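Each reported figure results from applying straightforward, stated rules to the coordinates on display, with no laboratory input. Remember, it's a predicted structure, so these values are computed and weren't measured experimentally. Virtual Cβ from ideal backbone geometry, glycine too; neighbours counted across all protein chains shown.
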Amino acid sequence: MRFILIILILIAKISFSQNLVPNGSFEIHFDCTYGLIENAQSWCGINGVSYEHSCNSNTYYTVPTQSFTPGFPSYQMPHSGNAYASGAMALAITSAQPSYPHVKLIDTLEAGKIYCVTYYVSLWNDCKYSMDKLGALFTATPFNCTASNQTLTTGYTPQVVSPAGVMYDDTLGWQEVSGSFIADGTEAYLTLGNFFTNAQHTITLSYPSGVRNVLDYYIDDVSVEEVQIAKARNDTLIYQGDSVIIGKNKGEALLYNWQPTAGLSCTNCPNPKASPSVTTTYTVTKTQCSSVTSDVITVTVSPVGIAEHSITKRFKLFPNPNNGNFTLSYYLTKDVTEADVIVEDITGKLIYQSTIDVTMDNMNLHLTDTKTGIYFVKVMNGKKIISVNKVIITN
């Protein structure tokens, strides 16, 4: 049983995109009194990072309101859940050092794979200034969160940086910081914040009536996920009036777009059902973080009555319906020296494949372990389809 459980965990890890940031929304905490990010499980703060949670009774560290006095009130609903981190993540106006949320990833990143990094920030209400170029730095070893006044604005190159000139100045809502990069296989720790000097930033006096000369930001919903490329199924053939699933994507929370839209059950879901009236090539475009990938599938539509065409009269299935045991009879012209028979379900999944003996005129198929349903039996000459028949199996 333990072995089976391990296998299932490994399969799940391989099959689905996983957020490699533990406690990425800061919800899991140790108590309702401590106000530093070390209270959020797995996290620590470089140069001191605050932690706010709705259960905290201290008015400095509660959510959504922090009543700093004198004159430093701030308010923000979490991007999700009941907690967020905050602090001088981009402290660029004073001589003090910025502060940085820091965490060990669930797994070290794999070399050569593309990863998407995303987190959300919101500027504190009482800040005068806003800035650009917030980043995400991956390192092989951890920083010492207990050391004070550490300098990370020089000597470090973050793998992900928000675009220059895009200001993070929203005090009402949340703004996304995101990007993607190719891992070298050493990345085990993540640090968020400001990795540039003042001269390398665009710094704007966004709120002259503010009372603080620092750039304090809330931060929430941190994620690092492997980018999965868009996948369409293999080209397939259907009869007019039939349908087929055309996607092979995992992940509902990402952005998908299918074109053209004709005959699709949906145009923005991972794996729509296609029922085209004519042969159609569909393109799926998937956006994950800043990475955009695409793939195509051609659904060939055979007209109603294809079974009456002369080429298909040479191929018969009987009995039909059947229990998975049936015979395919065929007549191949002399120019066909090799052929294969394949059986697919309505989604295009391969169920059976075998080479036809071209010297014979029939072959028996035994698919007794196949579930009840409609299947396509195709005779292929190389990549050319020379016959398609429907078979109904009623196990």
| request: For every other residue with a beta carbon closer than 13 angstrom to the beta carbon of I297, add +1 if it is Lys or Arg and -1 if Asp or Glu, then tell me the sum. | output: +2
| note | Against the 2.2 N^0.38 Å rule of thumb, the C-alpha Rg of segment 123-226 sits at a ratio of 1.14
| From a point 7 Å beyond the Cα of Y34 in the direction of its Cβ, which residues of segment 136-154 have a backbone N at a distance under 13 Å? | 146
| said: Please state the shape class of segment 18-226: rounded when a/c is under 1.5, otherwise prolate if a/b exceeds b/c and oblate if not, all from the C-alpha gyration tensor. | reply: oblate
| note | Partnerless cysteines (no other Cys beta carbon under 4.7 Å) identified across the chain are C127
| Among C289, C127, which comes first, then next, by fewest other beta-carbon atoms within 10 Å? | C289, C127
| query | Comparing V284, V166, V103, which has the greatest mean-square fluctuation in the GNM of the chain with Cα pairs linked when under 10 Å apart? | reply | V166
| query | Any idea what the relative contact order of the chain is, in percent, if you count C-alpha pairs under 8 Å spaced at least 6 apart? | reply | 14 percent
| query | Top mean-square fluctuation among F181, F30, F196, Gaussian network model of the chain, C-alpha springs under 10 Å? | reply | F30
| remark: Note, I114: beta-carbon cut-off 11 Å, +1 each Lys/Arg, -1 each Asp/Glu, net -2
| Computed [θ] at 222 nm, helices only, for the chain once each DSSP H run of length n ≥ 4 contributes -39500 (n - 2.57) | -1500 deg cm²/dmol
| field | Which of M363, M167 has the fewest Cβ neighbours within 10 Å, and the rest in rising order | value | M363, M167
| message | Helix 2-15 against the longest principal axis of the chain: what's the angle in degrees, Cα atoms only, rounded to the nearest 10? | response | 80 degrees
